[in-house]
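Since the structure comes first, as structure tokens, the remarks are kept for the end.
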Amino acid sequence: EPQFKNKIIGENDITLQCVDQIYGVYDEKKKLLTGQLRKYPEKLIIYCKDLRVFHFCLRYTKEEEVKRIVSGIIHHSQTPKLLKLLFLFSYASATPNNADRRNQTVMFDTLEDWRDELERTKGNVKYKAVTTNEGYRVSEKLPLYFVVPICVSEESILQYEGRGIPIWCWSCHNGAALLKMSAFPKEQDDSTSQMQKAFLDGIYKTISNPPYELLKTDDLSSSLPSLQDIQTAYTRFKQLFLIDNSTDFWATDVKWFSLLESTNWLEIIRRVLKKAIEVAECLERQHTNVLLIEESATDLCCVISSLVQVMMDSYSRTKLGFQSLIQKEWVIGGHGFLDRCNHLHKSDKEEAPVFLLLLNCVWQLVQQYPPAFEFTETYLTVLSDSLYVPIFSTFFFNSQHQRDTNMSGESLKTQSGPFRFLTVWDWSVQFDLKGQAFLNNPLYAEKPKPDKSQRKTARFKHQRQLSLPLTQTKSSTKRGFFREETDNLIKNILGKRIGKFINSSDEPPNSFREFYDSWHSKPVDYHGLLLPRIDGPEIKVWAQRYLRWIPEAQLHGGGTIATAAKILDLMEEVQSLQVKMDEEHSQAISRDVHSVPLLRDSPRLSSLFPFASLQRQSIKPALPTSTWKDLEDEDDLVKRDDEFVDLSGDML
């Protein structure tokens with residue numbers, strides 16, 4: 001019985017939104033299936049967006065059954081749909097009344113939520129939550145409530161449907177704030193452009209005066225890759241992990257490094273992290289407000305603003321804090337999940353893995369600084385899977401307006417009154433208590449409560465967070481791809497330490513490099529500012545998400561799961577001892593304790609855990625090279641699975 005079992009999606013279940021591509025096999029040749037078919041295949045291969053690959057043999061099925069099965073799958077998973085026909089609405093009709101539990105995550109759908117956030121970040125002195133968009137009279141793209149500088153008038157917000165208005169995201173401890181703005185369309189006639197320019201000049205002058213800090217604007221559409229570039233890179237990248245068979249795996253493995261670099265996906269992650277560090281430097285060291293500008297302010301603005309908050313605000317590194325951040329910047333902030341995930345298959349041109357890009361960037365931070373995060377990489381992986389589970393409303397609308405208008409309408413069959421949508425943040429819907437234990441980091445360094453006797457020490461510890469020294473520090477030597485890293489690259493599995501050179505032309509400016517090196521030369525404060533390491537091979541592949549369904553890539557008894565299993569064992573032991581001590585001291589009746597999973601047999605776990613069980617089959621590669629000789633005796637590997645079998649050399 002698997003210890004990490006999804007209660008909604010079974011091991012072999014595929015939601016229609018999770019289907020990526022469908023291939024048919026005709027006479028051993030693979031062909032992409034779309035629309036009406038003249039001839040039906042003898043085998044069906046389904047590629048999923050969570051990187052699973054399913055094979056269905058149709059050779060012994062009646063022809064009319066093959067036609068019904070294949071046509072049905074293609075029609076329901078590939079053709080354009082109406083929003084109300086999504087399973088989300090059918091499921092909402094049957095959701096019990098008590099299922100709308102928010103699990104303490106701040107949803108940011110009320111004015112009080114925004115005011116509380118302003119108070120938490122000490123931003124309420126210079127910024128105000130406004131109700132101007134109630135009834136969506138300003139814009140259907142904006143949320144009902146949002147925050148703007150106090151000096152911005154209601155007339156200004158109404159003038160251009162919210163465009164050209166700096167919208168508050170977050171305030172730093174020193175008063176500097178992170179803002180975003182929806183840009184004006186570039187193609188305008190001269191008179192309109194002049195009016196809009198005058199309007200913007202007025203706004204900039206207003207928020208550049210005291211009590212506001214200096215303002216730096218950053219047009220993300222020119223300083224970061226386009227959405228089309230991101231989509232192209234990810235499409236190439238994911239093909240490396242959609243493995244049909246063992247032979248294909250070993251064939252691509254020989255040229256793994258060059259294939260990975262050619263996708264450009266890791267380079268995009270590095271550029272996004274670098275941009276977030278630049279913004280953090282302006283806020284932290286220069287005490288400057290930063291205004292992120294984008295056409296709609298709902299794509300790359302969401303990525304950068306979320307990353308900056310994760311790096312600078314330790315609350316965003318807790319589970320509830322991170323979930324509230326996603327609600328604020330993405331769900332209520334108006335990211336077009338419906339279009340970007342292409343849930344309705346209306347337009348491939350709108351599709352782009354923007355939210356996945358954020359999760360990949362956050363994963364880099366999680367694996368570099370594990371004690372700083374209350375959640376695990378498993379949590380991020382499950383969250384990425386939840387994008388395609390059509391029972392939660394969280395990732396299935398383009399805006400708060402779209403959700404609200406579709407919530408009140410009646411369904412096509414029996415539903416009357418408002419729909420009761422579930423939120424993805426109630427993890428009890430998908431996992432039992434044992435499963436949820438895998439989402440929580442047992443090594444999280446909780447923020448210590450302030451103690452009067454340690455006040456001086458605490459003040460000294462926070463010094464690094466508040467202001468960084470400006471002294472020039474010696475730049476760390478660049479780690480070469482073919483120098484001391486070579487041995488580690490060969491020993492690590494599938495590009496665990498793969499990266500790209502920072503070209504001399506792409507070297508950060510002196511102030512950035514000084515800030516970056518100065519921070520990395522000091523001990524890490526897990527509750528202060530966190531800067532990701534972005535040089536060369538520090539940017540890695542999110543192995544758990546992308547390799548979890550590939551048996552050939554597993555490490556028997558290896559990977560991070562071996563360590564995690566031991567830690568969970570110790571936690572359970574400590575909990576049971578605590579219960580015994582409590583019973584002895586108080587003589588009270590034993591209370592229920594939700595223990596974490598018991599994983600005593602950790603050597604039998606593989607690095608595919610907890611998503612896939614141990615795969616014992618190993619198919620001999622069709623490559624006649626001496627490298628594969630150790631794999632020729634398959635039975636020997638099965639017998640030796642109690643030992644640590646080091647396949648990393650063969651993987652490369």
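Check segment 223-242 and report whether any residue there is part of a strand (DSSP E or B) and either among the basic types (Lys, Arg) or touching a helix residue (DSSP H, G or I) at 6+ places or on another chain (Cβ under 9 Å) (or both).
There is no residue in segment 223-242 that is part of a strand (DSSP E or B) and either among the basic types (Lys, Arg) or touching a helix residue (DSSP H, G or I) at 6+ places or on another chain (Cβ under 9 Å) (or both).
Test of understanding: among GLN286, GLN323, GLN239, which residue is within 29 Å of VAL524 (Cα to Cα), out of contact with any Lys or Arg (no Cβ under 7 Å at 6 or more places or on another chain), surrounded by fewer than 21 Cβ atoms within 10 Å (Cβ to Cβ) and not hydrophobic (A, V, I, L, M, F, W, C)? Step through it out loud before you land on a result.
On the way: GLN323 fails: surrounded by fewer than 21 Cβ atoms within 10 Å (Cβ to Cβ); GLN239 fails: within 29 Å of VAL524 (Cα to Cα).
One residue alone meets the criteria, GLN286.
With ILE22, ILE14, ILE74, ILE45 as the choices, which residue is part of a loop (DSSP other than H, G, I, E, B) and touching a residue at least 24 places away in the same chain (Cβ under 8 Å)?
Numbers: ILE22 fails: part of a loop (DSSP other than H, G, I, E, B); ILE74 fails: part of a loop (DSSP other than H, G, I, E, B); ILE45 fails: part of a loop (DSSP other than H, G, I, E, B).
Sole residue among the options that is part of a loop (DSSP other than H, G, I, E, B) and touching a residue at least 24 places away in the same chain (Cβ under 8 Å): ILE14.
Quick check on LYS186: is it surrounded by fewer than 16 Cβ atoms within 10 Å (Cβ to Cβ), of a type in the set (Lys, Arg) and assigned by the TED database to the domain that holds ASN289?
Values: surrounded by fewer than 16 Cβ atoms within 10 Å (Cβ to Cβ): yes; of a type in the set (Lys, Arg): yes; assigned by the TED database to the domain that holds ASN289: yes.
When the stated conditions are applied, LYS186 passes them.
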Being open to solvent by less than 70 Å² (accessible area, probe 1.4 Å), modelled with pLDDT under 90, among the acidic types (Asp, Glu) and under 33 Å from the mean Cα position of the chain (by Cα), is that true of even one residue in segment 203-222? yes
Scan ARG464, ARG403 and give me the residue that is modelled with pLDDT under 70, crowded, with 17+ Cβ neighbours inside 10 Å and either over 27 Å from CYS172 (Cα atoms) or not hydroxyl-bearing (Ser, Thr, Tyr) (or both). ARG464
By residue number, the members of segment 223-236 that are within 19 Å of TRP256 (Cα to Cα), out of contact with any Ser or Thr (no Cβ under 6 Å at 6 or more places or on another chain) and open to solvent by less than 20 Å² (accessible area, probe 1.4 Å) are TYR234
For MET571, the lone unmet condition from (1) modelled with pLDDT of 70 or more; (2) open to solvent by less than 20 Å² (accessible area, probe 1.4 Å) is (2)
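Of THR105, THR132, THR61, THR121, which residue is touching a residue at least 40 places away in the same chain (Cβ under 8 Å) and either under 30 Å from TYR212 (Cα atoms) or surrounded by fewer than 19 Cβ atoms within 10 Å (Cβ to Cβ) (or both)?
Working: THR105 fails: either under 30 Å from TYR212 (Cα atoms) or surrounded by fewer than 19 Cβ atoms within 10 Å (Cβ to Cβ) (or both); THR132 fails: touching a residue at least 40 places away in the same chain (Cβ under 8 Å); THR61 fails: touching a residue at least 40 places away in the same chain (Cβ under 8 Å).
Exactly one of THR105, THR132, THR61, THR121 is touching a residue at least 40 places away in the same chain (Cβ under 8 Å) and either under 30 Å from TYR212 (Cα atoms) or surrounded by fewer than 19 Cβ atoms within 10 Å (Cβ to Cβ) (or both), namely THR121.
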Confirm whether ILE9 is touching a helix residue (DSSP H, G or I) at 6+ places or on another chain (Cβ under 9 Å), among the hydrophobic types (A, V, I, L, M, F, W, C) and either on the phi < 0 side of the Ramachandran plot or assigned by the TED database to the domain that holds CYS169 (or both). yes
Being touching a residue at least 12 places away in the same chain (Cβ under 8 Å), within 23 Å of ARG548 (Cβ to Cβ), of a type in the set (D, E, K, R) and in the same structural domain as GLU329 (by the TED database), is that true of even one residue in segment 371-381? yes
I need the full set of residues from segment 503-516 which are surrounded by 16 or more Cβ atoms within 10 Å (Cβ to Cβ) and either touching a Pro at 6+ places or on another chain (Cβ under 8 Å) or at pLDDT 60 or above (or both), in order please. GLU514, PHE515, TYR516
Would you check if LYS30 is surrounded by fewer than 14 Cβ atoms within 10 Å (Cβ to Cβ), in contact with a strand residue (DSSP E or B) (Cβ under 7 Å, 6 or more places away or on another chain) and either at pLDDT below 95 or in the same structural domain as SER347 (by the TED database) (or both)? yes
Starting from segment 321-348, keep only residues that are in contact (Cβ under 8 Å) with a residue 12 or more places away in the chain, then list their pairs with residues that are small (Gly, Ala, Ser) and open to solvent by less than 10 Å² (accessible area, probe 1.4 Å) whose Cβ atoms are within a distance under 6 Å, requiring at least 6 positions of separation or different chains. PHE322/SER316; LEU325/SER306; LEU325/SER316; GLU329/SER305; GLU329/SER306; ARG340/ALA352
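The values are calculated or read from the model by the stated rules, or taken from the named source; none is laboratory data. Predicted, not measured: the structure shown is a model, and the values here were computed from it. Because the Cβ atoms are built from the backbone with ideal geometry, glycine has one as well, and the counts that use them run over all protein chains shown. Just the protein is used for accessible areas: all its heavy atoms, side chains included, with ligands, DNA and RNA removed. Shrake-Rupley method; radii C 1.70, N 1.55, O 1.52, S 1.80 Å.
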